[in-house]
Amino acid sequence: MGLFGSRKQEPERSTEFDHEYVTLRDPGLPAGEIKQVLYEVMRDLGLLGLIFGPGPIGSCFETLADVAPVFRSTQSENGLIGDFPDEQDLFWYALRGTRGSAIVINFGPTSDDLFRQHSIDGPLSRHPLRDPFTWGTVLGRGASVPAPFADIFADAVLHPLNTLPGLSHLSAPPPKSSPDEPRVTLPVPPPGHPMERAYRVLTEASQCILVYGPGDLANLYTKVLTVAPDFAATTSTGDGGWIGRLPSPGVRWFGVEGTSGAGLVITVESRDAVPFVSTCIMPQIGSLQPEFTCEIAENGSVPGSFARLFTVAVQRPLSVLPGLAHLVQG
């Protein structure tokens, strides 16, 4: 065959499901619960890949990996959310429930289309999965999904990736944290107080992601940067280097430090920011547990432990953090 000779290709199958579509039911779990977060990603993200069927999750993954071997190269920070080396804005997870199992692949707006077509959608469109599993893609927002998938999702739980065939090298998920501690409302700092700016930004945001714990702010930021490299692209909001902007509209952050430890506050200020935060920030931040506490705050209501840290802390300029010296304080 010549260098440019043609080669017979397997016919590609439709990526659409031959099922009735229904609106996925909101689990109604507390903000920050991982299944609730993942539901919101499915509701707000534009492109999902779904593999599901009435069989066990091990068989679901095995038939997927046989067709798309890239899944055997999965890496994971928290043992529940998987991604691939050198790929950004793309992650997957496994679900098991009483009505079957499923694998959900989330393609964020900045994920690599060539990687998706070559390593995932391309092979899956040419080679059918073994029964009883099926594959397809869901386009558009709104959590409109095939009815059998919705039935599986209803009582499903996330399945640890290290127990799937060929992924035993991954770390097990950390132990589930203790029950949620009581929430409190942050006290209002007096006029002119050094924390007045930080308090205002936190309480005016519709939702905030909090990551905090013992130690200094530089150490905390370094750990966050390791798992969430988008922080390296922080730009100034023009307020003298106290508040940073992440590479998505409506996402800002700042850091505080005191005698009780340090914390980062990431504010989500518009619905348009949800896909970015859900794919590039929340799963990565969550992987820092149990070394650091990761929580969601809404309308100034925060865990008591964060309130105790915040009320004795001071806000630090971002320019003191590794790699952010260009955000010079004005």
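Nothing in this text is a laboratory measurement; each read-out follows from the coordinates by a stated rule. Just so it is clear, the model here is predicted, and its values are computed rather than measured. All Cβ positions, glycine included, derive from the backbone under ideal geometry; neighbour counts span all protein chains shown.
Hey, fewest Cβ within 10 Å first, where do 223, 35 land in order? Intermediate results must be reported in sequence, preceding the final value.
On the way: 223 19, 35 15.
Fewest-to-most Cβ neighbours within 10 Å comes out as 35, 223.
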Once you sort the root eigenvalues of the Cα gyration tensor of segment 21-163 as a ≥ b ≥ c, which label holds: rounded (a/c under 1.5), prolate (a/b larger than b/c) or oblate (the other case)?
-> rounded
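Rank these for me by crowding, 63, 203, going from fewest to most other beta carbons within 10 Å. Can you show the working numbers first?
On the way: 63 21, 203 17.
In increasing order of surrounding Cβ atoms, one gets 203, 63.
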A correct fewest-to-most ranking of 188, 22 by other Cβ atoms within 10 Å would be 188, 22
Calculated from DSSP H runs of 4 or more alone, at -39500 (n - 2.57) each and per residue, what is the 222 nm mean residue ellipticity of the chain, nearest 500?
-> -5500 deg cm²/dmol
Dipole magnitude (debye, nearest 20) for the chain, charges at Cβ of Lys, Arg, Asp, Glu | 180
Residue of 65, 218, 233 that the Gaussian network model of the chain assigns the largest fluctuation, springs spanning Cα pairs under 10 Å = 233
J(HN,Hα) series, segment 79-90, from Karplus relation 6.51 cos²θ - 1.76 cosθ + 1.60, nearest Hz, glycine and proline x = x, 10, 10, x, 9, 10, x, 6, 10, 10, 6, 8
What list of ³J(HN,Hα) couplings, whole Hz, do you get for segment 146-159 from phi and the Karplus terms 6.51, -1.76, 1.60, once you set θ to phi - 60° and write x for glycine and proline?
-> x, 4, x, 5, 4, 5, 5, 5, 3, 10, 6, 10, 5, 9
Here the FRET efficiency for residue 118 versus residue 326, based on Cβ atoms and R0 = 41 Å and rounded to 0.05, is 0.65
Each label point is 7 Å from the Cα along the Cα-to-Cβ direction; what then is the distance between the points at residue 196 and residue 87, in nm?
-> 5.0
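Contact order normalised by length for the chain, with contacts defined as Cα pairs under 8 Å and 6 or more residues apart; what percent is it? Intermediate values should be presented prior to the final figure.
Values: 654 pairs, mean separation 65.0, N = 330.
In percent, rounded to a whole number, it is 20.
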If amide H atoms are modeled at 1.01 Å from N in the peptide plane, then the residues at a separation of 5 or more from residue 186, or on another chain, having amide H under 5 Å from its own are 302
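Determine the dipole magnitude for segment 21-163: charges of +1 sit on the beta-carbon of Lys and Arg, -1 on that of Asp and Glu, nothing else is charged, the reference point is the Cα centre, and the result goes in debye to the nearest 20.
Roughly 420 debye for segment 21-163.
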Pick out, from 261, 92, 282, the residue whose Cα sits farthest towards the positive end of the charge dipole of the chain, with +1 on the Cβ of Lys and Arg and -1 on the Cβ of Asp and Glu.
-> 261
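Determine the gain in length on full extension of the stretch residue 232-residue 127; use 0.36 nm per residue of separation and subtract their C-alpha separation, reporting nm with one decimal. Walk me through the intermediate numbers first.
Values: separation 105, 0.36 × 105 = 37.80 nm, distance 3.96 nm.
That pair, residue 232 and residue 127, stretches by 33.8 nm at full extension.
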Prolate/oblate/rounded label for segment 275-330 (Cα gyration tensor, a/c 1.5) = oblate
Positive end of the charge dipole of segment 21-163 (Lys, Arg +1 and Asp, Glu -1 on Cβ, about the Cα centre): tell me which of 127, 107, 152 has its Cα farthest that way.
-> 152
